[in-house]
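Read the structure below first, then the notes.
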Amino acid sequence: MSPAEEEKSLPLPQRWPRASKFALSACAAAVAELVTFPLDLTKTRLQIQGEAAVRRDGAASGQAAPYRGMLRTAAGIVQEEGLGKLWQGAMPAIYRHIVYSGVRMVAYEHLRDSVLCRAEDKTFPLWKAVVGGMSAGAIGQFFASPTDLVKVQMQMEGKRKLEGKPLRFRGVHHAFLKILSEGGIRGLWAGWVPNVQRAALVNMGDLTTYDTVKHFLLLNTPLVDNSVTHSVSSACSGLVAAVLGTPADVVKTRIMNQPRDKQGRGLLYKSSMDCLIQTVQGEGFMSLYKGFIPTWMRMAPWSLVFWLTYEQIRRICGVSSF
């Protein structure tokens, strides 16, 4: 058998390993996103409420919505807008994770195995895992930033309707086209800096923690590479990711949701640092953790669903464990 014929006879994951891992991680992320999306919507609404810059500049009509907490905010969305609105913006979120999770997972494994060179016994120094996780998250989020922008803005459409404002978008594709026509290519990457910063921090918590905890357990405890180990590792990664990522997530959400001029420049915040300063000065340091509970309550089940699904899909498809 010739080398070409031998290569064609190999299973798909072995012929195109990176493309296969991209597809598998995208599928696992789509499942996790659908299951936990209502918590993401609640988190976004909480982070927008009470913006000092909005109150100061009069960018919003009427009184600012009361800070109601996670459960009351979710209940309010259902009562005021309908149950289906808990999944408003789900499609761009899924599009985002197809790009984001696919790129970050492939990038992390490539950095871990080929660039930073994990040892043969699977040991991987923490500092290398941090570098790999932050780099992979930043790369994945940069490519996925336009879909994240659409997701955030569509999540706020229900609130605009209740405030008597006209809806901005008819759907996902209309949102992409409208943002592109109003702000150009630059407009699609509005808020990409805090977006990438947040993704780097979140993945230092998610990828780094999961990989480190999983292989620590495998090397130092009687646990084997199964669902129990994956569940413990994902629980740790979700908590650390929420603690590290929430402040950057608040800044990212506010920058993405702010009104813009015809050149695509924000009217409330000049930069992520300006948004950070205004938020702390106007609302206090703890405002950076608005939405922390739903963020953590979403990241914990998201990590659990994603990692369990991803590991099982890899096993079923004949791809080695992460």
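Nothing in this text is a laboratory measurement; each read-out follows from the coordinates by a stated rule. Values in this document were obtained by computation on a predicted structure and should not be read as measured data. Here the Cβ is made from the backbone with ideal geometry for all residues, glycine too, and neighbour counts use every protein chain on show.
At a glance:
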{"item": "Lysine pair number, Cα distance threshold 26 Å (strictly under), the stretch 104-179, separation 8 or more or different chains", "result": "7"}
{"item": "Positive-end extreme of charge dipole, the stretch 209-290 - chosen from VAL251, MET273, GLN263 (charges on Cβ)", "result": "GLN263"}
{"item": "Isotropic mean projected area of the C-alpha convex hull, the chain (nm²)", "result": "18.4"}
{"item": "Residue range of the chain that is longest and free of GluC sites (Glu not before Pro) which are both DSSP loop and sparsely packed (at most 15 other C-beta within 10 Å)", "result": "164-322"}
{"item": "Charge sum, other residues only, whose C-beta stays under 12 Å from MET297's C-beta, Lys/Arg counted +1 and Asp/Glu -1", "result": "+1"}
{"item": "Given charges at beta-carbon only (K, R positive; D, E negative), |dipole| of the chain in Debye", "result": "1000"}
{"item": "Environment charge of LEU116, counting only residues whose C-beta is closer than 11 Å and scoring Lys/Arg +1, Asp/Glu -1", "result": "+1"}
{"item": "Peptide ranges 229-242, 82-95 listed from the most packed, as the mean C-beta count within 10 angstrom indicates", "result": "229-242, 82-95"}
{"item": "Around GLU311: net Lys/Arg minus Asp/Glu count, Cβ-Cβ under 11 Å", "result": "+2"}
{"item": "Given charges at beta-carbon only (K, R positive; D, E negative), |dipole| of the stretch 98-177 in Debye", "result": "520"}
{"item": "Orientation-averaged projected area, Cα convex hull of the stretch 209-290 (nm²)", "result": "7.5"}
{"item": "Loop-resident sites, the stretch 244-322, for trypsin sites (Lys or Arg not before Pro), counting at most 15 other Cβ within 10 Å (DSSP)", "result": "LYS262, ARG265, LYS270"}
